[in-house]
1. Roughly how many debye, to the nearest 20, is the charge dipole of segment 56-147 about its Cα centre, given +1 on each Lys and Arg Cβ, -1 on each Asp and Glu Cβ, and no other charges?
2. Ignoring ligands, DNA and RNA, what percent of the 1.4 Å accessible area of segment 211-258 is carbon and sulfur?
3. Dipole size in debye (nearest 20) for segment 200-357 around its Cα centre, Lys and Arg Cβ +1, Asp and Glu Cβ -1?
4. Within segment 1-114, what whole-number % of the accessible surface is contributed by carbon and sulfur, with the 1.4 Å probe and all protein chains included in the calculation?
5. Quickly work out the residue 166-to-residue 4 label distance, labels modelled 7 Å from Cα along the C-beta direction, and quote it in nm with one decimal.
6. Return the calculated 222 nm mean residue ellipticity for the chain, to the nearest 500 deg cm²/dmol, obtained by summing -39500 (n - 2.57) across DSSP H runs with n ≥ 4 and dividing by the residue count.
7. Which whole-Hz ³J(HN,Hα) couplings does segment 281-288 yield from phi under the Karplus relation 6.51 cos²θ - 1.76 cosθ + 1.60, θ = phi - 60°, glycine and proline marked x?
8. Between segment 184-245 and segment 130-176, how far is it from one alpha carbon centroid to the other, in angstrom?
Amino acid sequence: MEIFKYMESYDYEQLLFCQDEQSGLKAIVAIHDTTLGPALGGTRMWTYDSEEAAITDALRLAKGMTYKNAAAGLNLGGGKTVIIGDPKKDKNEAMFRAFGRFIQGLNGRYITAEDVGTTVRDMDLIHEETDFVTGISPEFGSSGNPSPVTAYGVYKGIKAAAKEAFGSDSLEGKTIAVQGVGNVAYNLCGHLHEEGANLIVTDINKEAVNRAVEAYGAKAVDPDDIYQVDCDIYAPCALGATINDDTIPQLKAKVVAGAANNQLKETKHGDILHEKGIVYAPDYVINAGGVINVADELIGYNQDRAMKRVETIYSSLERVFEISQRDNLPTYAAADRMAEERIQMLKQSRSQFLTNSHHILSRR
Ligand SMILES: NC(=O)c1ccc[n+]([C@@H]2O[C@H](COP(=O)([O-])OP(=O)(O)OC[C@H]3O[C@@H](n4cnc5c(N)ncnc54)[C@H](O)[C@@H]3O)[C@@H](O)[C@H]2O)c1
Ligand SMILES: CC(C)C[C@H](N)C(=O)O
């Protein structure tokens, strides 16, 4: 992999490799763009097939956070960390504390939070070493686990996408296929079930599937079968790139709207959805609830204020669908335009984030 060539292609600012032999920490921090403010993005812990796969994931996820934070109207740039390892076996206190010290060394250029494979407990350990971490325990006056809030935002976003596709945002009687029923999607299924939707779920983890079947009467299918089930809405809530050449021809849904980051394997897959008349809710717009919630910690966490802001995901998606129709653009491109315009506008007056300027951290 030619790292600088890749970084140049999407104008990444910084890529850091953090190693601590004693604790087994191998972390990659990618900072994409800090025009709008310090880079905020979660830490993912995953068993990658190769170091290259881990680097690529960190870079792709960091860019997604730049767009997510910009589209959500936050004064924050985009970054992300991946820790290479099995979150079930390889975690220890020293690992997260070592990572916290590396973050502290960045002096506020990057702020972390939870992502796949990390928990509030892990963030609390990082917090032993640095203040540049969010999603820590409510006992510190913080917002805790972002997943239920992400789920609420995704639920609101699914309603906005349903209105665009079916003319009504009611989900009663709609069949929704949910891929991955982890932290976000289990909470999402609760909202969908409460509104009277029929759920079809899958997960590579049998316990996660059973939990959704028991709590919400969901029907379970094998992981490979989720794309072809008869449904109105497909909600990808596991990992990325599930909208691709193999899966699109199988989809019967009229809407793709879910929590996962980087749902489109390549942008051409967003073009194909558009051509087929499938309403796609851009991932980083619909799943911004968690980051909106944790970002509120930076100005003194207020749950009511954060939830009101999460509710705006519905109108942000309406705006994306409006731009898409007006300019005959695929929805992912309409969302990119919205985010890029905001960044460009501010780039004219600011370039790199500096801790000694007036910014969100100075109010903490
Ligand atoms: N947690 C948040 O607040 C948040 C915010 C924004 C975006 N996201 C994104 O949403 C997605 C889910 O996040 P989460 O926190 O719920 O993670 P999670 O790890 O709790 O849940 C993911 C689930 O997907 C399952 N899974 C993995 N591969 C699968 C496959 N091939 N087929 C079926 N199931 C599979 C896992 O077993 C797990 O149960 C991720 O892409 C994450 O980046 C999460
Ligand atoms: C800051 C976190 C809540 C980030 C979250 N994992 C996301 O992808 O949006």
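1. Roughly 380 debye for segment 56-147.
2. Within segment 211-258, the accessible surface is 43 percent carbon and sulfur.
3. 540 debye
4. Details: 2140 of 4620 Å².
Of the solvent-accessible surface of segment 1-114, carbon and sulfur hold 46 percent.
5. 5.3 nm
6. It comes out at -13000 deg cm²/dmol, rounded to the nearest 500.
7. Residue by residue, segment 281-288 yields 8, x, 3, 6, 7, 6, 9, 7 Hz.
8. One Cα centre to the other: 16 Å.
The values are calculated or read from the model by the stated rules, or taken from the named source; none is laboratory data. None of the values given here were measured: they were computed from a predicted structure. Virtual Cβ from ideal backbone geometry, glycine too; neighbours counted across all protein chains shown. Heavy atoms of the whole protein, side chains included, go into the accessibility calculation; ligands, DNA and RNA do not. Shrake-Rupley method; radii C 1.70, N 1.55, O 1.52, S 1.80 Å.
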